[in-house]
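The values are calculated or read from the model by the stated rules, or taken from the named source; none is laboratory data. These numbers come from a predicted model, not from an experiment. As a convention, Cβ positions derive from the backbone with ideal geometry for all residues, glycine included, and neighbour counts pool all protein chains shown.
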Amino acid sequence: MKFYVNLRYLIVPLSSILAIMGILSGGIFVWLGVALFGLYTIIDTLTKGIHLRADFNDDGYSYGLKQFQYLVMYLMLPIFILLQASLGLKLYEYTTESALGLNFIYGVFPYTPGTGLAELVGATLSTGLWAGLGIIYGHELSHNRKEGFFVSRLIMALSGASHFTYAHVYNHHLDLGHEDDPATSPRGRNVYAHTWLSHAGQSKYSFDLEKQKLQRENKFFLSPNNKWILGYLYSLPSVFLFVWTGGIIGVLSLIVVWSIANFLLEALNFMGHYGLIRKAGQPVEHRHSWDNDSVFTSWFFIEIGRQCDHHVRGETYFWELDDVGGPNYGIGYFSLFVITLFPNTFRRYVKKHLDNWDQNYASDEEQQIASQFKQIGVGS
């Protein structure tokens, strides 16, 4: 039994804990979460040419342990709560000009008493980055029909995005590559516009879905049965924490954290489906997603980069997803993310990949739709 296969997916949990310890330590260590993001971008770039297949034994059974992986995913919920609580502590120190002296974590990082503006900024950015990167667990658990779905809702609520869980399963996976899917970016859109259009579009979908459901059940929209409203109510503990510990500065910090987290979430959607087209009524196939499955991206993002396989086999465990020969950027998510931050650079980079998709993957109907984009000057 290759148990170590399961350990390679622990990068985000362990890094999140390091980020928390850095925030609690204070001083320069509050920037540890930001520094790790930079380090991982370098590692991802250096390993972009390494691609591994899913691990199965000779009998075709995966080496992944379901119980272990689900335990880790469930434990991410308290880790994210601790992440926000750590920032709340820094906010309290900053606004009260006090030092709580949490020496109990030492032996790892030295404790620096008090929190200045630079430390608060570093702690806020570290929290936002790791809340956003950790959203991958909310995504994975959204495909679980039991308690995992509820845990997914709670994880997403910590970033003010509990609507994602319903929209992802019932909208994104069913309407992928079509204009009815807010999470699929059309050609010509940049990641900044996509973030807010996708976020708002998915929330509206969840709103409409719940409204129709309650109408069929003859129930009032403003009721305890409204899961769209409940999802946002799950975010209230975060709001109360930041208001209590930081007042107006706490509110501003929470806005920054949620903005970063949701930007990273929608950037993943953007990178996974940008510019791809599916004719309405056609089945979702491997060609309707981009793969980003370099080794570090695969391990860090728990195989979310294998979008081609994931969207055809949505309920398959992430450790069983494999390379299926679909469209592939050939680099990892960290590297591609940096490119997306510069829209003109991204459009130049993606043009060759879209041209290849149009010629070698698209159906006749999809090629016709692609040609319409080119006629109005939106080829990439």
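Remarks
- Checked against the criterion of being farther than 17 Å from residue 172 by Cβ and in contact with a strand residue (DSSP E or B) (Cβ under 6 Å, 6 or more places away or on another chain), the candidates 320, 303 yield just one match: 320.
- Taken over segment 253-286, the residue count meeting the criterion of being closer than 22 Å to residue 197 by Cα and free of Cβ contacts under 8 Å to residues at least 60 places away in the same chain is 3.
- Near pairs, Cβ below 6 angstrom, 6+ apart or cross-chain, from segment 5-31 (farther than 17 Å from residue 76 by Cα) to any residue that is in a loop (DSSP other than H, G, I, E, B): 5/55; 5/63; 24/102; 25/109; 25/111; 26/112; 27/112; 29/109
- Residues of segment 233-244 that are surrounded by 15 or more Cβ atoms within 10 Å (Cβ to Cβ) and of a type in the set (Phe, Trp, Tyr): 234, 242.
- Search result, residues across segment 279-304 that are in contact with an Asp or Glu (Cβ under 7 Å, 6 or more places away or on another chain), assigned to a loop (DSSP other than H, G, I, E, B) and either more than 21 Å from residue 317 (Cβ to Cβ) or β-branched (Val, Ile, Thr) (or both): 279, 302
- For segment 231-252, residues that are in a helix (DSSP H, G or I), touching a residue at least 40 places away in the same chain (Cβ under 8 Å) and either within 30 Å of residue 184 (Cβ to Cβ) or in contact with a Pro (Cβ under 8 Å, 6 or more places away or on another chain) (or both) total 3.
- Pairs where the first residue, in segment 46-60, is exposed (fewer than 15 other Cβ atoms within 10 Å of the Cβ) and in a loop (DSSP other than H, G, I, E, B) and the second is modelled with pLDDT of 85 or more and of a type in the set (Val, Ile, Thr), C-beta under 7 Å, 6+ apart: 50/295; 52/295
- Restricting attention to segment 352-364, the residues being surrounded by 14 or more Cβ atoms within 10 Å (Cβ to Cβ) and either at pLDDT below 95 or under 13 Å from residue 277 (Cα atoms) (or both) number 7.
- Meets criteria (of a type in the set (Asp, Glu) and in contact with a Phe, Trp or Tyr (Cβ under 8 Å, 6 or more places away or on another chain)) for residue 217: no
- If you filter segment 139-148 down to residues that are assigned to a helix (DSSP H, G or I) and within 20 Å of residue 238 (Cβ to Cβ), you find that the one that is nearest to the chain's Cα centre (by Cα) is 139.
- Against the numbered list (1) farther than 30 Å from residue 85 by Cβ; (2) over 21 Å from the mean Cα position of the chain (by Cα); (3) surrounded by fewer than 16 Cβ atoms within 10 Å (Cβ to Cβ), residue 193 comes up short only at (2).
- Residue 220 out of contact with any Lys or Arg (no Cβ under 8 Å at 6 or more places or on another chain) and surrounded by 17 or more Cβ atoms within 10 Å (Cβ to Cβ): no
- Of all residues making up segment 217-266, the number that are of a type outside the set (Asp, Glu) and farther than 16 Å from residue 125 by Cβ: 31
- Some residue of segment 128-151 being surrounded by 17 or more Cβ atoms within 10 Å (Cβ to Cβ), among the hydrophobic types (A, V, I, L, M, F, W, C) and over 20 Å from residue 300 (Cβ atoms): yes
- Considering 214, 230, 252, 222, the condition of being closer than 19 Å to residue 156 by Cβ and of a type in the set (A, V, I, L, M) is satisfied by 230 alone.
- Any pair with Cβ under 6 angstrom, 6 or more apart, that starts in segment 157-169 at a residue that is in contact (Cβ under 8 Å) with a residue 12 or more places away in the chain and ends at one that is of a type in the set (Gly, Ala, Ser) and outside any helix (DSSP H, G or I): 157/235; 160/235; 165/142; 168/142; 169/142
- Every test in (1) in a helix (DSSP H, G or I); (2) surrounded by fewer than 17 Cβ atoms within 10 Å (Cβ to Cβ); (3) in contact with a helix residue (DSSP H, G or I) (Cβ under 6 Å, 6 or more places away or on another chain) is passed by residue 314 save one, and that test is (1).
- Of 298, 289, 294, all but one fail to be farther than 30 Å from residue 117 by Cβ, surrounded by 20 or more Cβ atoms within 10 Å (Cβ to Cβ), within 14 Å of the chain's Cα centre (by Cα) and touching a residue at least 24 places away in the same chain (Cβ under 8 Å); the exception is 298.
- Note on segment 20-68: residues that are touching a strand residue (DSSP E or B) at 6+ places or on another chain (Cβ under 8 Å) and aliphatic (A, V, I, L, M) amount to 1.
- Options 244, 228; residue that is within 23 Å of residue 93 (Cβ to Cβ) and not β-branched (Val, Ile, Thr): 244
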